[in-house]
Amino acid sequence: MEYRYHHLGIPTDIVKPNEKYSENFKMYTSDNDGDFRIQFHRFEEDSPLHPIIKNNPHVALQVDDLENAIKGHEILLGPYEPIARYKVAIINDSGLPVELIETDLTIAELWDTSKKQKDLNVKGLKEFENKKTNS
């Protein structure tokens, strides 16, 4: 299995400029202006995401076959497709979250699509679909 760096996510409690809100995950995301695709994630207290995700930084790695990459790992989130053509799962790697991504989008296409999309798609995430249906 080949893993390629995609981005780094860092939890924060500091409000950052240009945060984008996800109502589904009750979190704010902002991009660092640097060259290495670092994002900050700020979570509301009642965010439904796993505590390991909310309390630890994560590295995101791109893989060619997400299904095989997650085999044998505890899944903290996913797999799902939050953005069209961008499949994601977050696994537990000895107490730390690792995001695995399968996509054919370029970084520019992904960031552009992300900025235009209102919220992350939770279709396929049964625990989130059930909450939306029961709300």
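The values are calculated or read from the model by the stated rules, or taken from the named source; none is laboratory data. All of these numbers come straight from a predicted model, not from anything done at the bench. Glycine also receives a Cβ, built like all others from the backbone with ideal geometry; neighbour counts cover every protein chain displayed.
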Taking the stated definitions as given, is GLU23 within 16 Å of the chain's Cα centre (by Cα), of a type in the set (D, E, K, R) and more than 23 Å from GLY95 (Cα to Cα)?
yes
Matching residues in the stretch 27-81 - criterion: being within 16 Å of GLU2 (Cα to Cα), of a type in the set (Gly, Ala, Ser) and touching an Asp or Glu at 6+ places or on another chain (Cβ under 6 Å)
ALA60
Within the stretch 14-45, considering residues that are touching a Lys or Arg at 6+ places or on another chain (Cβ under 6 Å) and not polar (S, T, N, Q), the one farthest from ASP104 (Cα to Cα):
GLU44
Kindly evaluate GLY34 against the criterion of being exposed (fewer than 15 other Cβ atoms within 10 Å of the Cβ) and at pLDDT below 95.
yes
Test for LEU66: is it under 16 Å from ILE83 (Cα atoms) and buried (at least 16 other Cβ atoms within 10 Å of the Cβ):
yes
